[in-house]
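The structure appears right after this line, and notes come after that.
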Amino acid sequence: LDLYLRNTLIWWKSTSMTPESTKNRRHSDFEYVYHFVKNPTTYYFDADEIRIPYATDGPTDRKPPRHHNIDWDRGVMRGGGYGSPYNNPLRNGAPPRWIMHSVGGVVGEPVSMTNLSSSVRHPLGKCPGCILEVSRHTQPHNLGDSIPQHSAPFPEKLVRELLKPVARPGDVIYDCFSGSGTTGAVAFEFGCSYVGVDINENFNRLASARLNELN
């Protein structure tokens with residue numbers, strides 16, 4: 001398919017995992033979610049949409065960052081050792097990057113640097129890791145007795161977390177295993193259009209009725 005794998009995510013169901021009868025192995029409480037892109041250098045991904053608060057109010061790394069660049073107007077592309085690519089004079093004028101660091105637990109003045117360390121803190125929070133803790137439980141859809149329920153729907157919260165950084169208003173979201181149309185329901189929240197496909201006609205009826213109610 002000429003696609004590039006950017007992330008392997010883990011959907012961790014925690015205590016909501018489906019009970020299993022096996023007694024000779026651990027029970028499965030997660031599933032894989034793969035993030036593929038067509039072009040690894042130009043695809044859209046807005047990390048600010050999924051940032052989460054830091055666990056502490058200040059930097060936790062007491063070690064000062066390496067390669068401080070006090071002569072900040074030269075930018076982060078200066079200051080490497082002899083033979084370092086950072087000594088390339090053609091790179092002068094790059095915008096500086098700033099960091100707040102602590103020494104002995106005391107936060108000092110910001111300085112620019114060439115090698116970012118774990119002390120860098122984004123004002124909107126940190127970018128989360130690849131484990132999504134989401135309960136598998138979902139609410140039934142009250143669409144009348146003539147509309148069957150889906151046997152294994154996945155939660156809207158899971159789809160919402162996956163679409164947050166990649167969906168923009170006007171985009172078309174495609175789901176080749178549409179099921180009950182959960183992906184479509186969440187796509188509408190982001191101002192997107194939706195195309196869903198499923199070989200089960202009963203599931204198509206369910207998804208159509210569900211999405212028509214939302215529109």
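Computed from the coordinates by the stated procedures, all read-outs in this text should not be read as laboratory data. Owing to the predicted nature of the structure, the values given are computational and were not obtained by experimental measurement. Here Cβ is always computed from backbone atoms with ideal geometry, including for glycine, and neighbour counts include all displayed protein chains.
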(message) For the ranges 32-43, 172-183, what's the packing order if you count other beta-carbon atoms within 10 Å of each residue, average per peptide, and put the highest first?
(response) 172-183, 32-43
(request) Compute the length gained on full extension between Lys126 and Tyr54: take 0.36 nm times their separation in residues and subtract their Cα-Cα distance, giving the result in nm to one decimal. (result) 25.3 nm
(message) Straight-line reach from Lys13: which lysines fall under 26 Å, measuring Cα to Cα and dropping same-chain residues less than 8 apart?
(response) Lys23, Lys126, Lys157, Lys164
(message) With just the Cα atoms defining each centre, how far is segment 1-42 from segment 187-215? Give it in Å.
(response) 24 Å
